[in-house]
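Take a look at the structure set out below.
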Amino acid sequence: MNRRLRAIVVVCLLTGFMGPGTVFCTSQNGAQSTSPPATQTPAREAWQREFDRICSRTQEAMSFSEEDLASLVQRCDALAPQIEKLDETRRKVYLGRLHMCRGLYAYVLESKRNPKK
């Protein structure tokens, strides 16, 4: 993959984090698309949906119960091996984001279990 194409792919992946579902990608001629890439497979869609479900809830983390937070941490751990199978660029982007989501949930869970006195 050449550098320009790689940059376009990374921009498309990153802009997908603005909200679950819609991904805006800009092609070389400036046209925008909201449709998924043509290479998208059902297996990719499954992990992507789970990723969106997990990481789209970070702003609500403080309102979750300890059980909900523990479940989200476990779901992050279960999703990581699926993301590790992706190509290098997507693996780096999505694993980094998943790691941040997991870290936030784990931190909030720990703070709820051990409140300062």
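A few comments on the model shown:
- Report note on the peptides 92-105, 54-67: ranked by the mean count of other C-beta atoms within 10 Å, highest first, their order is 92-105, 54-67.
- Spatially proximal aspartates and glutamates relative to Lys92 (Cα-Cα < 12 Å; intrachain offsets below 8 disregarded): Glu84
No value in this document is a laboratory result; all are computed from the given coordinates. Quick caveat, the model's predicted, so the values are computed rather than measured. Glycine gets a Cβ as well: all are built from the backbone with ideal geometry, and neighbour counts include every protein chain shown.
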